[in-house]
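Trainee: Encoded as structure tokens, here's the structure I'll be asking about.
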Amino acid sequence: MRGLQISLNQTQKIRFDRALEKLESLSSKSNSNAAVTVADSIPVNFEDGVLKGHGTSERDGEIVATLCGVVERVNKLVYVRTLRARYKPETGDIIVGRVIEVAPKRWRLEINYSQDAVLMLSSMNLPDGIQRRRTAVDELNMRSIFEENDVICAEVRGFQHDGNLQLQARSQKYGKLERGQLLTIPPYLVKRRKQHFHHLEKYGIDLVLGCNGFIWVGEHVEAKDNMVEDQMSKSEQQSSVSSLNEQEHNYIPLETRQSICRTANAVRVLSVLGFNISVEVITQTVELSSSLNIDIHDMLGAEFYVLVAEAEADRRSLLTKKK
């Protein structure tokens, strides 16, 4: 929240500063032993054969931090995890990306990383749903699957020998994302969890929290059989009602569109305030705006920023009391 650019009046500024002080006191109590700045000494027991990891160095017989962050210990390894860092892909990460190029037998995606990711044609399910060897016809029909500027959800498979980041999308939950909004937030606000796909039944929307800082908020889509979809698409092409079916497919109810915009604004507010993004915090922020009858466009106003900061301070204080 450092360097926050929000125009507040005097009353709002007092309330906002009070909420920030409460949050800082709560975080200092929980991370008093773990948080370090540059040149801070890290207490360790040298008799255990400590291994110096990332963000540490030895000076005058003691281990000091070379980065600002939180001290982490894994067995004998001691390292500093930075609180603000660029996205570093790990195998198994759920990411959201945008197609920037359709190359031979592969798609190139922009995933908010220092280099582009590669999704091979062999690393995803074909539209007919049959497991078979990819042919030249499949390569010619690549644009019918994904084309430039399409938003895709995939999983990090690993790094290739040449250093390229390789993705895979061999599950029904992966693939093209349509009828929604793509948001970009700092990647360090999204923590790695067991579940990154969320269906908010109350609002009828899907929420995908990408580890790379890309957040997707869109209309809920039911998973369907690929072979049935393929047969339906062939019959629709032969019928004269295909245009009407396409209009029905692209139509989003007004209530769903409002829920998408309200959820997207909640993510924007939490990102500006620097709070960790999780489905629980997002849902609470959306419910807060709805309970106070705040319009969607007013959620980006100064008053709502103050209300969210106060609500987050109260939530964390309750969590510490329960502990």
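The values are calculated or read from the model by the stated rules, or taken from the named source; none is laboratory data. Model, not experiment: these values are computed from the prediction. When we count neighbours, we look across all protein chains shown, and the Cβ atoms used for this are built from the backbone with ideal geometry, even at glycine. Just so you know, the surface numbers come from the protein's heavy atoms only, side chains and all, with ligands and any DNA or RNA stripped out. Shrake-Rupley method; radii C 1.70, N 1.55, O 1.52, S 1.80 Å.
Trainee: Over 23 Å between C-alpha atoms is what I'm after, so list which of 13/321; 88/191; 76/322; 22/321; 105/176 land there.
Mentor: Beyond 23 Å: 13/321; 76/322.
Trainee: So how much slack lies between residue 280 and residue 321, counting 0.36 nm per residue of separation and subtracting their Cα-Cα distance, in nm?
Mentor: Result: 12.9 nm gained on full extension.
Trainee: Specify the inter-centroid distance of the stretch 126-179 and the stretch 34-86, based on alpha-carbon positions, in whole Å.
Mentor: Taking the Cα centre of the stretch 34-86 as reference, the centre of the stretch 126-179 is 40 Å away.
Trainee: Quick one: if you stick a label point 7 Å off each Cα along the C-beta vector at residue 141 and residue 272, how many nm between them?
Mentor: In this crude spin-label approximation the distance works out to 4.7 nm.
Trainee: May I pose another question? In debye, nearest 20, what is the charge dipole magnitude of the chain about its Cα centre with +1 on Lys and Arg Cβ and -1 on Asp and Glu Cβ, if you could check?
Mentor: The dipole magnitude comes to about 900 debye.
Trainee: Shifting gears a bit: Express the carbon and sulfur contribution to the solvent-accessible surface of the chain as a percent, rounded to the nearest whole number, probe 1.4 angstrom.
Mentor: Solvent-exposed carbon and sulfur of the chain make up 48 percent of the total.
Trainee: Still on this structure, I have one more. Between (i) 1.64; (ii) 1.20; (iii) 1.36, which entry matches Cα Rg over 2.2 N^0.38 Å as derived from the coordinates of this structure?
Mentor: Comparing each candidate, only (ii) matches the computed number.
Trainee: Sticking with this one: Taking loop as defined by DSSP and a crowding limit of 15 other beta carbons within 10 Å, which GluC sites (Glu not before Pro) in the stretch 125-171 fit?
Mentor: Passing both the DSSP loop test and the Cβ count: 147, 148.
Trainee: Further question on the same structure: Heavy atoms only, 1.4 Å probe, whole protein assembly: order 120, 142 by accessible area, highest first.
Mentor: 120, 142
Trainee: What is the spin-label model distance, in nm, from residue 114 to residue 188 if the labels are put 7 Å beyond Cα along the C-beta direction?
Mentor: 1.6
Trainee: With the calculation restricted to Cα positions, what are the radius of gyration and Dmax of the stretch 58-191 in angstrom?
Mentor: Reported Rg and Dmax, both Å: 19.0, 66.
Trainee: Considering Cα pairs under 8 angstrom that are at least six residues apart, work out the relative contact order of the chain and quote it in whole percent.
Mentor: Dividing the mean separation by the residue count of the chain yields 16 percent.
Trainee: Moving to a separate point now. Would you mind checking the stretch 299-323 for residues with the amide N under 20 Å from a putative spin-label position 7 Å along Cα→C-beta of residue 14?
Mentor: In the stretch 299-323, the label zone of residue 14 (backbone N under 20 Å from the point 7 Å along Cα→Cβ) covers 302-311, 313-314.
Trainee: Per residue, how much accessible surface does the chain expose to a 1.4 Å probe? Answer in Å², no decimals.
Mentor: Solvent-accessible surface per residue comes out at 59 Å².
Trainee: Rounded to the nearest 10 degrees, what's the angle between the helix 254-273 long axis and the longest principal axis of the chain, both from Cα atoms, 0 to 90?
Mentor: In the chain, helix 254-273 runs at an angle near 30 degrees to the longest axis.
Trainee: For residue 90 and residue 221, calculate 0.36 nm times their separation in residues minus their Cα-Cα distance, and state this gained length in nm to one decimal.
Mentor: Going from the current span to full extension adds 44.4 nm.
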